[in-house]
Amino acid sequence: MHRDRMETGIASRIAPFRHSSRFCNNTDKVDKNRHDGDHMGVSCSSFYSTTTRQSFSRNSEKRRLSPVRGSPNLSFSKSRKVQDVVLLDEEDMQTTPPTEQEDGSDKWKEVKIYYPSRDHSEAVEICPGDLKCLDPEAYISSPIMNYYILYLQKSAVVPLGKRKDDYHFFNTYLYKKLEETMSCKSSEKDAFFKKLRRWWKGVNIFQKAYIFLPIHRDLHWSLAIICIPAKEDESGPIVLHLDSLGLHTSKFIFDNIEGYLKQEWEFLMENDNALPDLPMSDRIWRNLPRRIERRIITVPQQKNDYDCGLFVLYFIERFIEMAPERVRKKDLDMFGKKWFHPEEASALRRKLLELLTEEFASARAPNVCAESPPCSSESSEDKNGKCDVDEVKS
C-alpha cells in the first residue's frame, strides 16, 4: 500500500485522500481495488457462498442474494444492510463539500474557483473534490497548500518595517523539479537549470530577504526557508529546515538547495548586467558558494501523522509575523518547541474549510462560472513559457 501511494503521489488530485487509519487495517485491499478502477468489494457474512457474492456484485440490480443451503431462518430483511453496502459505487463513497452534504443538492458539482483570480499568473484551480483533503485525519493536497500560500501573500499582515516584496514563495511543485534536476548528469545539469529557471523568471532571489520552499516527499510535508541575512551580519545565505515530525533527511534537502543556490550564483556572475545592489558585502558575494550555512530548526511537533501540511502552512504564517526585516544569526533563537502550541496549527484545517466554502459560494454567481471548463489535471504551458499549476502534476 505504501508503494502504491508513493507511485500516485499524495499531492495529486488523482490519488484518494486516505485517512491514516486505512494504513493499518484490511481496508487496504478495498482501496487498492478502488484505485485500479474496480468496484468496491465488501466482505459479506460467512453464510453467503463465494459464488453468490461474486454474482451479486456483478449483477446487483438484476439478481437477488441467495443464502447458502442449510442456513437456518435467513430472511432478506436481515441482509438488507449488506446489500446497501455492496451497491455503493466509488462516487458514492467520495467526500462532498460541506454545503452539498447539508442540503443534498448538486449546486457545487460544476463549480470551481481560480485563486486569487483566473487571469493571475500563478492562479490555483480548486474543484469541490479538492476539499476532501480537509476532512478530519486527511492529508492536505497541493492545490489546498498552494491556495493558502497565495492567500498569505495577498492578505497576510506584514509587520511595520517589512515589505511583502522582500519575500518570495515557491509553490509545492518546484522542489520535486529541483530534486530531479540535481540528480541528472553534470553535462546535462545546465540545460535542465535553464528550463527550471522559468519558475522564478525576472526575480533575483539573492535580493529577497526570505524564500519559502515547501517540500513534499515520502508522503510527508516539511519546509525550507532560504534567508539572506543583513549586510551588517557579514554572513552568506542561511538555509533553514523545519519539520514537524523529523521524517525528512535534512542533509539531502540541504544538498539540493545549496546546489540550486550555487547554480543561480554562477548564472548571475556570468551576466554583469544582472547584478544590481545586493544586500550583502562584495566579499561575501564573491565567495558565496563557500558561505552557505545550514540550520535544522527545532519546531513544535504534530501529535498525529496527518497534519504535516497544516504545520508547514502555519510555519510560513508565523514566520512572516515574527521574523525581522532581515535575519541575523541571533534571531534564530525565536524558534523552539514552544514557538506555538501544536493545536494552533491543527486548527488551520477548519479555517481553510471556512475560507474555501466562502470562495465556492461566491463562485456560484452565473457570470463567474458559466463558461468555466471542466476541472482537469492535463499539463499545459502558457505563451511566456512559464509552467502553470497543472503542468507539474504529470
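In a residue-by-residue description of region 307-315, the property of being in contact with a Leu (Cβ under 7 Å, 6 or more places away or on another chain) and open to solvent by 40 Å² or more (accessible area, probe 1.4 Å) applies to no position.
Among the residues of region 296-306, those identified as open to solvent by less than 50 Å² (accessible area, probe 1.4 Å) and over 13 Å from Ile238 (Cβ atoms) are Val299, Pro300, Gln302, Asn304, Tyr306.
Yes/no matrix, rows are residues, columns are (1) modelled with pLDDT of 95 or more; (2) more than 26 Å from Ser250 (Cα to Cα); (3) open to solvent by 40 Å² or more (accessible area, probe 1.4 Å):
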| position | (1), (2), (3) |
| --- | --- |
| Asp135 | yes, yes, no |
| Met145 | yes, no, no |
| Lys162 | no, yes, no |
| Tyr167 | no, no, no |
| Thr181 | no, no, no |
| Lys185 | no, no, yes |
| Asp190 | no, no, yes |
| Phe206 | no, no, no |
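Take the residues of region 169-179 that are in contact with a His (Cβ under 9 Å, 6 or more places away or on another chain) and either among the aromatic types (Phe, Trp, Tyr) or at pLDDT below 80 (or both): which is nearest to Phe252 (Cα to Cα)? Applying the filter and picking the extreme gives Tyr175. Quick check, is Glu293 open to solvent by 20 Å² or more (accessible area, probe 1.4 Å), closer than 30 Å to Glu137 by Cβ, modelled with pLDDT of 90 or more and among the acidic types (Asp, Glu)? Judged against the criteria, Glu293 is not a match.
This table checks each residue for (1) modelled with pLDDT under 55; (2) open to solvent by less than 80 Å² (accessible area, probe 1.4 Å); (3) assigned to a loop (DSSP other than H, G, I, E, B).
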residue	(1), (2), (3)
Lys330	no, no, no
Phe340	no, yes, yes
Leu352	no, yes, no
Leu356	no, yes, no
Val389	yes, yes, yes
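Of the residues in region 290-303, none is touching an Asp or Glu at 6+ places or on another chain (Cβ under 8 Å), touching a residue at least 24 places away in the same chain (Cβ under 8 Å), polar (S, T, N, Q) and at negative phi.
Of the candidates Arg294, Arg286, Arg290, the single residue that is more than 30 Å from Ala347 (Cα to Cα) and in contact with a Phe, Trp or Tyr (Cβ under 9 Å, 6 or more places away or on another chain) is Arg294. Determine the pairs where a residue that is among the small types (Gly, Ala, Ser), located within region 128-157, has a partner that is in a helix (DSSP H, G or I) with Cβ atoms under 6 Å apart, the partner being 6 or more residues away or on another chain. Note: pairs meeting the criteria are Ser141/Cys133; Ala156/Ile320. Filter region 115-128 down to residues that are within 19 Å of Leu353 (Cβ to Cβ) and open to solvent by 20 Å² or more (accessible area, probe 1.4 Å), then give me how many there are. The total comes to 2.
Residues in region 308-325: is at least one hydroxyl-bearing (Ser, Thr, Tyr) and not in a helix (DSSP H, G or I)? No, region 308-325 has no match at all. Can you confirm whether Phe254 is surrounded by fewer than 21 Cβ atoms within 10 Å (Cβ to Cβ), of a type outside the set (D, E, K, R) and touching a His at 6+ places or on another chain (Cβ under 9 Å)? In short, yes. For region 208-229, residues that are open to solvent by less than 10 Å² (accessible area, probe 1.4 Å) and either of a type in the set (A, V, I, L, M) or farther than 11 Å from Val312 by Cβ (or both) total 12.
The values are calculated or read from the model by the stated rules, or taken from the named source; none is laboratory data. Only a predicted model underlies this, so the values are computations on that prediction, with no experimental measurement involved. Quick reminder, even Gly has a Cβ in these numbers, built from the backbone with ideal geometry, and neighbours come from all protein chains shown. For accessibility, only protein heavy atoms count, side chains too; no ligands or nucleic acids. Shrake-Rupley method; radii C 1.70, N 1.55, O 1.52, S 1.80 Å.
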